[in-house]
Amino acid sequence: MRVTGRSKRTPLLVAAVALLVAANAWWFWPRGDAQNTAAFQLADSSDYGRCSVAAGITRADIDAASFYDAAADRWLVQGKPIADLHGHMLPAEPRGKRPGFVIAGLAQQATTEDVRKALLNLTGQGICLVALPDAVDPQGVSVHRIVAVRDDRGELRHCKG
């Protein structure tokens, strides 16, 4: 009878066990922000003074606002598609020291995904202030600063504008 100490299969078995432990740890490890963060983050009313910014918005401004067509992923102004919304921004204050904002019209049946896509589009254009008219009360307009939006891959994109 011959005793050599170790089998030639031992390193392979140890490697297989280590691989299975690593795969289980990866699979069940908490993913952090990707699973716990909303589709988009808007600043609260204290940023840029929501009420003071929204005070000058008229019904005519809302009617002439840009409209986001979620199905085509494009903006429309008076029914015509436009690529750049910078020319349709309203000043945030009379002297224009703060960046302007865009009134973003959305369909009444817009979903959270539609809003996310619209905000992602604005973020891509460097537009970080957005007025979202209330579908129930069109005069109830609030202006928010876009903090971040999840892109189509689930990564968080911060608005820099």
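The values are calculated or read from the model by the stated rules, or taken from the named source; none is laboratory data. If you're wondering where the values come from, they're calculated on a predicted model, not measured in any experiment. When we count neighbours, we look across all protein chains shown, and the Cβ atoms used for this are built from the backbone with ideal geometry, even at glycine. Protein only, heavy atoms only, side chains kept; ligands, DNA and RNA dropped before computing areas. Shrake-Rupley method; radii C 1.70, N 1.55, O 1.52, S 1.80 Å.
Checking the structure you have, find out if any residue of region 118-131 is modelled with pLDDT under 85 and over 11 Å from Ile146 (Cα atoms).
No, the conditions are met nowhere in region 118-131.
Looking at region 64-78, which of its residues are in contact with a Gly (Cβ under 9 Å, 6 or more places away or on another chain) and at pLDDT below 90?
Ala65
Output the residue which, of all residues in region 79-101 that are hydrophobic (A, V, I, L, M, F, W, C) and modelled with pLDDT of 90 or more, is most open to solvent (accessible area, probe 1.4 Å). Walk me through it before giving the result.
Quick first cut of region 79-101, residues hydrophobic (A, V, I, L, M, F, W, C) only: 82-83, 85, 89-90, 92, 101.
Right, trim to modelled with pLDDT of 90 or more and you get 82, 85.
On the way: Ile82: 43, Leu85: 0 Å².
Top of the filtered list is Ile82.
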